[in-house]
Every structure is written in structure tokens, then in C-alpha cells.
Amino acid sequence: MNEPVLVVTGLSRSFVQGGATIDVLRSVDLTVGAGEIVALLGPSGSGKSTMLQAVGLLEGGFGGSIRIAGEEAARLNADGRTRVRRDQLGFVYQFHHLLPDFNATENVVLPQMIQDRPRAEADERAAALLTALGLGHRLTHRPNQLSGGEQQRVAVARALANRPALVLADEPTGNLDEGTADIVLAEFLRLVRGEGSAALVATHNERIAAKMDRVVRLHEGRLA
């Protein structure tokens with residue numbers, strides 16, 4: 001395996017509900033190498049989204065270690081977590097969450113501006129990514145002028161805009177019909193591989209998981 005981009009050790013998460021403790025993640029260990037695309041497979045409620053939230057440093061309350069690009073990230077303060085998310089991580093969700101008042105190019109430019117990239121360079125990067133995803137003729141269209149598949153392609157471009165070491169995708173084609181989902185997934189995998197990023201993709205779909213480099217299964221909070 002290539003040098004690890006992600007090393008998770010002993011990751012645990014519990015919730016108290018109705019006076020009972022529910023263990024959602026139970027001492028999970030996972031390593032993802034640079035450039036490797038890994039499917040996190042499991043049924044709804046198995047803890048996939050909770051695990052991605054942990055790895056994405058989106059909330060606290062987790063036990064264990066999360067190393068991202070060689071840095072222990074789980075114990076960082078809020079500013080440190082924000083820095084790692086900005087510089088090392090990209091996110092794709094089931095719903096695109098595009099900003100409705102901005103066009104496709106601007107949605108991909110914004111995360112680059114947060115990273116202080118010059119506007120002209122950010123525009124060029126956005127146009128290149130969107131064109132690679134077949135949206136070269138839709139650069140100035142707003143989300144409500146795009147189809148569901150096109151909106152999700154913009155979300156993929158946005159996730160890769162800052163050249164993240166690791167892309168986290170939570171059911172990235174779950175809101176699309178099967179034909180569109182296959183097309184978007186193929187483009188997602190091609191672009192992630194072309195960019196040299198690693199990816200951890202949560203899915204409940206065996207057929208989608210089989211397209212990844214490796215599959216790990218999450219069952220009752222444990223990786224099998």
C-alpha cells in the first residue's frame with residue numbers, strides 16, 4: 001500500500017438515548033493509502049455517516065486516533081480542525097448542497113478563495129475541473145438550471161478544487177436514478193484517480209462498492 005493518507009485507530013462513538021447507551025462505532029481501525037479509493041459498505045444505520053463525520057472532523061465526542069496526511073487530527077482545537085478540513089479534505093454528500101445564488105464556476109471557486117488562491121487561478125481551476133466532468137458548456141449556469149446529475153458533478157468538482165489528500169463521499173450518487181448514478185460515479189472515480197487523491201466512499205450498494213479499489217464492511221459499529 002502507498003503511504004497512508006488516513007490512519008484511524010480505536011475510533012469509538014456512543015450516544016445516550018432514553019437512558020440507554022448506544023455504541024455506534026466500536027474501536028474501528030482503518031488505513032487508506034495515498035491514491036486509494038475505499039468503499040465503506042454497510043446498511044443504513046450501521047454507522048457509516050457517523051464514521052465519515054468523525055474522519056471529516058465535523059463533530060467531537062469521539063474516542064481514538066485520527067491521523068490525516070501524517071497529522072494527529074482528533075485532538076486539534078477548532079482552528080486546527082478547520083485548517084485540516086480546508087487543506088486536506090474534500091466532501092461530497094448525497095445532496096449537492098450547492099449555493100443557489102452562485103453559478104457552477106463560482107461554487108467551485110469559493111473553497112479556493114477561502115484558501116487564498118488568486119481569483120484568476122481559481123477560475124481556471126474551476127473551469128478545468130468542470131470541463132473534465134463534461135460541464136464545459138454549463139459553467140455559468142446556476143444550480144436550478146442544472147439537472148440532478150449535473151449538480152452532483154459540480155459538487156464533485158468543488159470537493160476536488162483544493163487538491164485534497166482525501167475525499168470523503170457519503171452516498172454520493174444516492175439521490176440519482178441508476179443510469180445517472182453510474183455515469184456520475186464513473187466520472188467521480190476517474191477524476192479522483194486523475195487528481196491523485198484518496199477517497200473513502202460510504203455506500204449501502206454492493207454494485208457501487210465493487211467499483212472501488214477495496215471494500216471494508218461496517219456492521220454493528222465494527223469493521224469486518
*Enumerate the amide H contacts of SER14 below 5 Å, restricted to partners 5 or more residues apart or on another chain; note that Pro and chain-start residues carry no placed amide H.*
VAL24
*Can you give me the P(r) profile for the range 154-221? Cα pairs, bins 5 angstrom wide beginning at 0, each as a whole percent.*
3, 15, 31, 26, 16, 7, 2
*asked:* With angles folded into 0 to 90 degrees, how steeply does helix 148-160 sit against the dominant principal axis of the chain? Use alpha carbons for both and round to 10.
replied: 70 degrees
*Beta bridge orientation in the chain: antiparallel %, DSSP, nearest 5*: 50 percent
*Across the Cα atoms of the range 31-80, what radius of gyration and what greatest pairwise Cα-Cα distance (Dmax) are found, in Å?*
12.1, 34
*Percent accessible area from carbon and sulfur atoms, the chain, protein chains only, probe 1.4 Å*: 49 percent
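Please compute the Kirkwood hydrodynamic radius of the range 61-194 from all pairs of different C-alpha atoms, in Å with one decimal.
Details: mean 1/r = 0.0648 Å⁻¹.
Taking the inverse mean of 1/r over all distinct Cα pairs, the range 61-194 comes out at 15.4 Å.
Net charge near ALA73, counting Lys/Arg +1 and Asp/Glu -1 over other residues with Cβ under 12 Å of its Cβ?
Values: positive: ARG67, ARG75, ARG81, ARG83, ARG85; negative: GLU71, GLU72, ASP87.
Neighbour charge sum, excluding ALA73 itself: +2.
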*Return the long-range amide H neighbours of VAL215 (sequence gap of 5 or more, or a different chain), with a cut-off of under 5 Å between placed amide H atoms.*
ALA39
*Farthest toward positive dipole pole in the range 26-115 [+1 Lys/Arg, -1 Asp/Glu at C-beta], among SER44, LEU57, ILE68*: SER44
*Percent of Cα-Cα pairs per 10 Å bin, from 0 to the last occupied bin, for the range 1-130, please list those.*
11, 33, 33, 18, 4, 0
_So, taking all protein chains as they sit and a 1.4 Å probe, how much accessible area belongs to ILE208, in Å² rounded to tens?_
20 Å²
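For the range 68-116, what is the accessible area per residue in Å², given a 1.4 Å probe and the full set of protein chains?
Working: 2660 Å² over 49 residues.
So the range 68-116 comes to 54 Å² accessible per residue, rounded to a whole number.
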*Helix 78-88 axis, angle to the chain major axis (alpha carbon atoms, nearest 10°)*: 60 degrees
*Hey, what angle do you get for helix 178-195 against the long axis of the chain, alpha-carbon based, 0 to 90 degrees rounded to 10?*
90 degrees
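The values are calculated or read from the model by the stated rules, or taken from the named source; none is laboratory data. Fair warning: this is a prediction, and the values are worked out from it, not measured in the lab. Every residue, glycine among them, receives a Cβ derived from its backbone with ideal geometry; neighbour counts consider all protein chains shown. All accessible areas refer to the heavy atoms of the entire protein, side chains included, with ligands and DNA or RNA removed. Shrake-Rupley method; radii C 1.70, N 1.55, O 1.52, S 1.80 Å.
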